[in-house]
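The values are calculated or read from the model by the stated rules, or taken from the named source; none is laboratory data. Nothing here was measured: the structure is a model prediction, and the numbers come from that model. Don't worry about glycine lacking a Cβ; one is built from the backbone with ideal geometry, like all the others, and counts go over all protein chains shown. Keep in mind that these areas ignore ligands, DNA and RNA; they rest on the heavy atoms of the full protein, side chains included. Shrake-Rupley method; radii C 1.70, N 1.55, O 1.52, S 1.80 Å.
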Amino acid sequence: MADEIKAKAPKLADPVGASIDTATQIMIKRAQELGIETVFDRAEQMKPCAIGIQGICCKNCAMGPCRLPLPKGGIQGEDTRKGLCGATANTISARNFARMVAAGAAAHSDHGRCVAEVFMSAARKESDAYKIKDIPKLLAVAKALDVDTTVEVDGKSQDRDVDEIALEVGKIALNEWGKAEGELVYLKRAPQPLYEKWTKAGVKPRNIDREIVEIMHRTHMGVDQDYKNIVKQCTRASLADGWGGSMLATDLQDILFGTPYPLQSEANLGIMKADHVNIIVHGHEPVLSEMIVAVSQKPEILEYAKTKGAKGIQLGGICCTANEILQRHGVPPAGTFLQQELAIITGACDAMVVDIQCIMQNLANVAKCFHTKLITTHPIAKMEQENVIHIEFDEHHALEDAERIVKMAVDNFQNRGTEVMIPQQKATQIAGFGVESIQYHLGGTFRGTYYTLNDNIINGRIRGVAGVVGCNNARTRHNEAHLAVVKELIKNDVLVLTTGCNGIACAMEGLLTPESAGVYCGPGLKEVCETVGIPPVLHLGSCVDNSRILLAATEVVKAGGLGKDISDLPAAGSAPEWMSEKAISIGHYFVSSGVYTVFGVTLPTSGAPVFHNYLSNEMEMLYGGKWDIEPDPIKHAQLMIAHIDKKRKELGIDKARERQLMSMEDRQKLEA
Ligand code: BF8
């Protein structure tokens, strides 16, 4: 009898309910027809832990895990919940939050360290593959790191040798991870009042690694048991990420691979081509993917692909590797974080090459169903499944490694089955903005600052600026909140700066084109975008490039007329569909830099209301920024707009004003 009882079929995702993107819906359905499980199905089959989601499960020692769920009716009277050691819900939630900051800051910063090491080998000329490409950026970074760019010879100042500068920049940069004394050099790039707030609060990071290690120490059993003190360390470590590891990663990548300038590309699974060898690069560090781009453009490799029956090689990206090679080479993203399995399910992915972060282990299971070679490349990120190939990438023979990988993909083209199905959806995008290009597009003709941007914020055409960033989360409908938040903001004349998977989501929707201004924007933002010829949503790169947003905000402060600190600006931050620990580190450095930051989905602080209140209210008194949580995307955007309006009022620019131009007559009167 028992044998006759059939196992219940696992619940599958509803493709339309799981994503608002048509290509994604088509591919979820396709996966289900082929009997291949994806993250969307698993989200149906496994509910998140109701206690963990509140952030109040402590597993930091073997007397636990101690679980302190919030009573159904909330806390009435005194909160008596405690773990075996007596740790309160505030302590437990703050510890868990801090460990997320540590992991996020570590991920960004370790990425930065790898780039710094490659930078050093380029500066020492140990590698043919990597060169100092962007000299103006090198000189700008040298200045920020207090490296001399001129030398005195015979009493006269002259330009210093570029190789010498690069070597010193590399040494100083690498030292930021572990120096014994002092504070991070880049902190001084922040507006002076912000720097003073950090000094007063005692949160200036000493070196990048130390702040992350100290979080792990403080959250060990029986160490820091004051949530406010734990948050202080969260601030230190997250600043070491935003104004340290991430900022160094961005700067050194720009010097090695070129500072991005706007370029045209496309986005979504439809960029893959049935008659081409398709190579998808996925992860975060551009160190390897830059080499894959270079190799796959070589005439002899293209010829080789033709001998195998392919018309050419189509590169595509997933996650932030996609953003990196998009912003510098125009290589199109094939999708966001949640589309990684789907790229293989097209049956046309000849190789997926992954490095670090945001790589789902299920890729290996999906790859088993197809001919796809899944190649891991980083010594710290391997997979246990046997079908995964590991080709360890080394900057000293970078081009050879990349060539081996590309050839493997080309050779695999002939092994494709008949089951190729690439959805046709893709959209055009303009990507690759940055601090430098915003200055060009929205600066003054002669002033070379953010004059035009500031002027249009002051006169009210641009109501404010929002940074909308971050992941997808399979617990919410793919891309729905990303796009609803961004559309609501631009409809209300808020200029959006985007990075990470939000950038890819916006690209897939066609929001990264100047033409979208006429469709989605309020009249003021539309006028500015159409006059200057920019999209209302500016793509600033990958998640480490959130450092570009910090520096752009600093430039706005410097250009004048909008207060003295980042916290004075009519600006706000958002991560509508976050899931990664890196997002928590980013959120916290934005808050600690003075930005009102709203997260979607949920925050793992809801089980500790006092701690949550500290993050979402009291922190504002220290740095001018604070956390907020709002899963409903329209309310989420409206909270940001309300904050922007509050700041406009405080600045006295709540009523739209045109700048008064002085006539010659008025000027003469003044002079008289
Ligand atoms: O660093 S946005 S899902 S890809 S974590 Fe990951 Fe999140 Fe995407 Fe980039 Ni950022």
task: Straight distance only, please: which lysines reach the Cα of Lys407 with their own Cα at less than 25 Å, same-chain residues fewer than 8 apart left out?
output: Lys131, Lys273, Lys298, Lys306, Lys308, Lys311, Lys368, Lys373, Lys382
field: For Leu497, distant residues with modelled amide H under 5 Å away
entry: Ala466, Gly467, Val468, Leu538
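Tell me, what is the per residue accessible area of the chain in Å², probe radius 1.4 Å?
40
State the percentage of accessible surface on the chain attributable to carbon and sulfur atoms; use a 1.4 Å probe and exclude ligands, DNA and RNA.
Working: 14020 of 26850 Å².
On the chain, the fraction of accessible area on carbon and sulfur atoms equals 52 percent.
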field: For Lys373, residues with placed amide H under 5 Å, excluding near neighbours
entry: Ala351, Met352
field: Amide H within-cut-off set for Ala348, under 5 Å, with H built and near neighbours excluded
entry: Met421
query: What number, rounded to the nearest 500 deg cm²/dmol, is the helix-based mean residue ellipticity at 222 nm of the chain, given -39500 (n - 2.57) per DSSP H run of at least four residues and division by all its residues?
result: -13500 deg cm²/dmol
Average Cα contact separation per residue, region 246-352, under 8 Å, 6 or more apart, as relative contact order %: 37
statement: Measuring from its Cα centre, the chain shows a charge dipole (+1 at each Lys and Arg Cβ, -1 at each Asp and Glu Cβ) which, in debye to the nearest 20, is 1600
statement: Row for region 455-614, column shape: gyration tensor on C-alpha, a ≥ b ≥ c, rounded if a/c < 1.5 i.e. under 1.5, prolate if a/b over b/c, else oblate; value oblate
field: Among Ala364, Leu326, Ala348 the positive-end extreme of the charge dipole of region 294-372 (Cβ point charges)
entry: Ala348
Residue among Phe599, Gln25, Gln233 farthest towards the positive dipole end of the chain, charges placed on Cβ: Phe599
message: For the chain, what does the relative contact order come out to in percent, with C-alpha contacts under 8 Å and a separation of six or more?
response: 16
query: Sorted by average packing, counted as other Cβ atoms within 10 angstrom per residue and highest first, what order do 72-78, 415-421 take?
result: 415-421, 72-78
- request: Please give the FRET efficiency for Gln192 paired with Asn459, using the beta carbon to beta carbon distance and R0 = 25 Å, rounded to the nearest 0.05.
  value: 0.40
Set of lysines near Lys197 by C-alpha distance (under 18 Å), chain-local residues within fewer than 8 positions excluded: Lys188, Lys228, Lys232, Lys558, Lys564, Lys626
statement: Phi angles of region 318-332, converted by Karplus (6.51 cos²θ - 1.76 cosθ + 1.60, θ = phi - 60°) into ³J(HN,Hα) in whole Hz with x for Gly and Pro, give 10, 6, 6, 4, 4, 5, 5, 7, 5, 5, 10, 10, x, 5, x
- request: Among Pro10, Leu139, Gly35, pick out the residue whose Cα is farthest towards the positive end of the charge dipole of region 1-158, where Lys and Arg carry +1 and Asp and Glu carry -1 on C-beta, about the Cα centre.
  value: Pro10
- line: The ³J(HN,Hα) series, computed from each phi in region 254-267 with the Karplus coefficients 6.51, -1.76 and 1.60 at θ = phi - 60°, rounded to the nearest Hz and given as x for glycine or proline, is 4, 5, 6, 10, x, 6, x, 10, x, 8, 9, 8, 9, 7
- prompt: Between Val610 and Val213, what length comes free when the chain is fully extended (0.36 nm per residue of separation minus the Cα-Cα distance, one decimal in nm)?
  reply: 140.3 nm
